[in-house]
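The values are calculated or read from the model by the stated rules, or taken from the named source; none is laboratory data. Given the structure is predicted, the values throughout are model-derived calculations rather than measurements. Here the Cβ positions follow ideal geometry from the backbone for every residue, glycine too, while neighbour counts run over all protein chains shown.
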Amino acid sequence: MPQPDEITLHVSTPAGPFHGAFPKTTKVSAVIAAIVEAKGLDAGEDLRLMNGDEQLAPERPLVSFHFGSEATLSLLATGSGV
């Protein structure tokens, strides 16, 4: 169960689902980096964290999106191979 200052993310990635809890003040770019490391993705790939059709700005903290205690997102590769 997440702490009040955390958010649990359920993220679909090119390497399968990722589930993890992050402090709400974590920047989107740090979330992407954590998922890349956990799933063994290519750190050089251009990856974007998406909430439906909305790209989450990498410099913004999670709390700025007002998700509540959980969110379901997608990590999409946008490189030339896609």
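Observations
- Note on region 27-61: residues that are in contact with an Asp or Glu (Cβ under 9 Å, 6 or more places away or on another chain) and at pLDDT 95 or above total 4.
- Residue check, S64 among the small types (G, A, S), in contact (Cβ under 8 Å) with a residue 60 or more places away in the chain and surrounded by 13 or more Cβ atoms within 10 Å (Cβ to Cβ): no
- Answer residue from region 1-28, given it is exposed (fewer than 14 other Cβ atoms within 10 Å of the Cβ) and among the polar types (S, T, N, Q) and is nearest to L76 (Cα to Cα) among those: T25
- Of all residues making up region 34-82, the number that are polar (S, T, N, Q) and under 12 Å from the mean Cα position of the chain (by Cα): 4
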